[in-house]
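One structure below.
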Amino acid sequence: MKGVRELEYAIRDLGFIGAHFYPHWFEIPPDAAKVYPFYAKCVELDIPIQMQVGQSMNYDRNFPRRSVGRPIALDAVACDFPELKLIGIHVGIPWTDEMIAMAWKHQNVFIGSDAHAPKYWPESFTHYINTYGQDKVIFGTDFPVLDFGRTVDEIDSWDCAKRPGVSSCATTCSAFTVSTGRGLTPDEQSAHTLPYGKRSSASRCAAGLPACRAYRGQCGALAVR
């Protein structure tokens with residue numbers, strides 16, 4: 001329970017506003033029992049937790065990590081903790097459709113679009129962003145893995161971003177919902193909504209909406225160990 005107490009200390013005394021869990025680095029799946037006390041504490045503190053899902057990268061050739069973070073593992077967590085705000089980052093590649101299914105099924109599950117350049121995003125993911133998933137995806141880059149400018153330029157190049165009537169407030173609405181538990185009011189949406197392809201960075205939508213800074217790249221998040 002030492003780690004759980006450290007999490008509470010970081011939130012209450014050090015100003016942290018979210019938790020970050022690395023399933024691959026520790027080879028601990030998201031639905032492992034030993035992680036559940038951290039989830040319970042996140043609910044108690046009313047903070048979001050984000051975690052890497054999808055394939056484990058080759059961080060160290062002498063110690064290849066198992067890909068324990070398949071998005072389907074979030075299913076049990078979301079069922080057991082319906083009040084927990086869960087963000088599966090890195091798009092869930094190569095199991096993106098699985099990640100989309102989790103975000104569609106569970107109101108408390110969101111997708112972080114970081115670490116993979118937009119021009120390489122699976123077609124199902126770009127479709128999800130611009131249709132029924134527009135309020136479930138949070139903009140991110142995993143900087144310095146991706147540069148903010150490059151990432152936004154690639155989103156600007158989407159054909160869908162240039163079509164009239166196609167817009168998304170995913171970056172603003174989802175981050176705000178994750179942090180506060182409610183959606184934006186009509187006035188807030190009017191003030192902060194931009195076409196998804198015309199955003200400059202998460203820092204822009206954070207103007208007046210501090211919740212956006214909860215996402216990695218905008219501020220530090222406590223790593224759950």
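In table form, for the structure just shown:
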{"item": "Enumeration of residues in segment 1-15 that are assigned to a loop (DSSP other than H, G, I, E, B) and of a type in the set (Gly, Ala, Ser)", "result": "Gly15"}
{"item": "Given (1) farther than 19 Å from Ile93 by Cβ; (2) at pLDDT below 50, number of the condition Ala170 does not satisfy", "result": "(1)"}
{"item": "Breaking point among (1) small (Gly, Ala, Ser); (2) over 11 Å from the mean Cα position of the chain (by Cα); (3) at pLDDT below 90; (4) under 26 Å from Tyr36 (Cβ atoms), for Ala117", "result": "(4)"}
{"item": "Checklist (1) of a type outside the set (A, V, I, L, M); (2) in contact (Cβ under 8 Å) with a residue 24 or more places away in the chain; (3) under 29 Å from Lys2 (Cβ atoms) applied to Pro118, failing item", "result": "(3)"}
{"item": "Whichever residue in segment 1-15 is among the hydrophobic types (A, V, I, L, M, F, W, C) and either out of contact with any helix residue (DSSP H, G or I) (no Cβ under 8 Å at 6 or more places or on another chain) or surrounded by 12 or more Cβ atoms within 10 Å (Cβ to Cβ) (or both) and, among such residues, is farthest from Gln50 (Cα to Cα)", "result": "Leu14"}
{"item": "Some residue of segment 110-122 being open to solvent by 30 Å² or more (accessible area, probe 1.4 Å) and in contact with a strand residue (DSSP E or B) (Cβ under 7 Å, 6 or more places away or on another chain)", "result": "no"}
{"item": "Scope segment 45-60; condition over 21 Å from Phe125 (Cα atoms) and modelled with pLDDT of 75 or more; matching residues", "result": "Leu45, Asp46, Ile47, Pro48, Ile49"}
{"item": "For Asp142: the one exception among (1) touching a helix residue (DSSP H, G or I) at 6+ places or on another chain (Cβ under 8 Å); (2) under 28 Å from Ala40 (Cα atoms); (3) crowded, with 23+ Cβ neighbours inside 10 Å", "result": "(3)"}
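The values are calculated or read from the model by the stated rules, or taken from the named source; none is laboratory data. Just so you know, these numbers come straight off a predicted model, no measurement behind them. Quick reminder, even Gly has a Cβ in these numbers, built from the backbone with ideal geometry, and neighbours come from all protein chains shown. Please note that ligands, DNA and RNA were not included when accessible areas were found on the heavy atoms of the full protein model with its side chains. Shrake-Rupley method; radii C 1.70, N 1.55, O 1.52, S 1.80 Å.
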